[in-house]
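The values are calculated or read from the model by the stated rules, or taken from the named source; none is laboratory data. None of these values were measured; they are calculated from a predicted model. Note that each Cβ is placed from the backbone with ideal geometry, even for glycine, and that neighbours are counted across all protein chains shown. All accessible areas refer to the heavy atoms of the entire protein, side chains included, with ligands and DNA or RNA removed. Shrake-Rupley method; radii C 1.70, N 1.55, O 1.52, S 1.80 Å.
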Amino acid sequence: MEIAKFIPWLPLLAAILSGICCMKRSLRDYASWIVLAAVAASFGLSLIAAKHITPESGPQVVHFFEWIHAGSFKADFSYYFDTLTIIMLFVVTGIGSLVVWYAGGYMAGDKGYARFFFAVGLFIFSMTSLVMGDNLLMLFLGWEGVGLCSYLLIGYYFEKHSAAEACKKAFLFNRVGDFGVLSAVLLI
């Protein structure tokens, strides 16, 4: 089960490598393949993790380190696995793989090709972190990452006025959503 902790980190590594591809014109075309390989590998790790999670075995926690400990409040940096987490990981990494594969051809020739796949890799990292978070603070950080990536992807064609306006709307709606999620976390 320890191998399952790499599920979100592979897309993050791919996002970083895609960012490096942005800097060198000769590497740009590799960005989609890097992200596709990482997201597909995360899907494979989700399949492996699914073998270890059954309703009879109960949930499992993969602990990284003690993150915040203040008085009676404790938030570890750890991932939580149960059957719902596995189903959501299948959705995020499985459909994410298909989206990356399709986008690789659809976005071909675009001048910001590697930048787009940087944002997609970061989005998959954020979404898997949101799904796997063991506590509400981890969930909130994943939520914020998804909001940031939504902003980056919606505003991808920032030169166009309509995309810039849509990006502003997404930013404002995300702030409202952030307030709601943060309020719920604090109430809980």
Condition set touching a Leu at 6+ places or on another chain (Cβ under 9 Å) and hydroxyl-bearing (S, T, Y), scope region 19-44, selection surrounded by the most Cβ atoms within 10 Å (Cβ to Cβ): answer is S42
For region 71-93, indicate whether the set of residues that are among the charged types (D, E, K, R) and open to solvent by 60 Å² or more (accessible area, probe 1.4 Å) is non-empty. yes
For S162, indicate whether it is surrounded by fewer than 17 Cβ atoms within 10 Å (Cβ to Cβ) and free of Cβ contacts under 8 Å to residues at least 40 places away in the same chain. yes
Looking across region 43-93 at residues that are at pLDDT below 85 and of a type in the set (D, E, K, R), the single one that is nearest to I124 (Cα to Cα) is E66
Could you check, for region 96-112, whether at least one of its residues is touching a helix residue (DSSP H, G or I) at 6+ places or on another chain (Cβ under 9 Å), open to solvent by 20 Å² or more (accessible area, probe 1.4 Å) and closer than 25 Å to I188 by Cα? no
Members of region 170-186 found to be open to solvent by 40 Å² or more (accessible area, probe 1.4 Å) and closer than 18 Å to G155 by Cα, listed by number: F171, L172, F173, R175
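Within region 124-142, how many residues are outside any helix (DSSP H, G or I) and within 12 Å of the chain's Cα centre (by Cα)?
Going through region 124-142 one residue at a time, the tally reaches 1.
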G147 - would you say it is assigned to a helix (DSSP H, G or I), closer than 23 Å to A37 by Cα and free of Cβ contacts under 8 Å to residues at least 60 places away in the same chain? no
Of the residues A114, A164, which single one is over 22 Å from K5 (Cβ atoms), out of contact with any Lys or Arg (no Cβ under 8 Å at 6 or more places or on another chain) and assigned to a helix (DSSP H, G or I)? A164
Counting just the residues of region 52-70 that are over 25 Å from the mean Cα position of the chain (by Cα) and open to solvent by 80 Å² or more (accessible area, probe 1.4 Å), which one comes out nearest to M138 (Cα to Cα)? H69
Looking at region 1-17, can you tell me whether even one residue there is touching a strand residue (DSSP E or B) at 6+ places or on another chain (Cβ under 6 Å), of a type outside the set (A, V, I, L, M) and in a helix (DSSP H, G or I)? yes
Evaluate region 145-156: report whether one residue or more is open to solvent by 70 Å² or more (accessible area, probe 1.4 Å) and β-branched (V, I, T). yes
